[in-house]
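What follows draws every value from the coordinates through simple rules; no lab data is involved. Here the structure is a predicted model, which is why all the values come from computation and not from measurement. Note that we place each Cβ from the backbone using ideal geometry, even for glycine, and neighbour counts take in every protein chain shown.
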Amino acid sequence: MNIVKITFVCLGNICRSPMAEFICKDLIVNKYKNNNITVDSAGTSGYHDGEYMHQKTANILQKNNINNKPFVSKKITSNLVNESDYVFAMDNSNYQD
């Protein structure tokens, strides 16, 4: 069976896209036990490359018992887009980038 790859994209990959990534992983992979889907996230800017997600984002995920590790922010690349079956931009500006 083919593995489907979903990628979420925001500006810095420290708030919205990692939250979407880990909520999606929690729902699809953990709750529904679907191992045929992989989930990733990235940012359109490289401002936060190599950083952990924003602390408030991590706190919200932890409060809802959603695992948020491992995580390191990264900038989106053409390879990541080409490898993804679905790419979800967090807003129109991210889509335009």
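Just flag the chymotrypsin sites (Phe, Trp or Tyr not before Pro) in region 1-34 sitting in loop per DSSP whose Cβ has no more than 16 other Cβ atoms within 10 Å.
The qualifying sites are Tyr32.
Which aspartates and glutamates, on any chain, are close to Lys5 with Cα under 19 Å apart, when same-chain ones fewer than 8 places away are left out?
Glu21, Asp26, Asp40, Glu83, Asp85
Of all alpha-carbon pairs in the chain, indicate the percentage at a distance above 18 angstrom.
That fraction is 43 percent.
At 7 Å along Cα-to-Cβ for each site, give me the label-to-label distance between Tyr32 and Lys56 in nm.
3.0 nm
For the chain, what is the mean residue ellipticity at 222 nm derived from helices alone (per DSSP H run of n ≥ 4: -39500 (n - 2.57); sum divided by total residues; nearest 500 deg cm²/dmol)?
Helix-only estimate at 222 nm: -7500 deg cm²/dmol.
Tell me, in nm to one decimal, what length is gained between Glu83 and Asp97 on full extension, where the rule is 0.36 nm per residue of separation less the Cα-Cα distance?
3.2 nm
Neighbouring Cβ atoms within 10 Å as the yardstick, rank Met53, Met90, Met19 fewest first.
Met90, Met19, Met53
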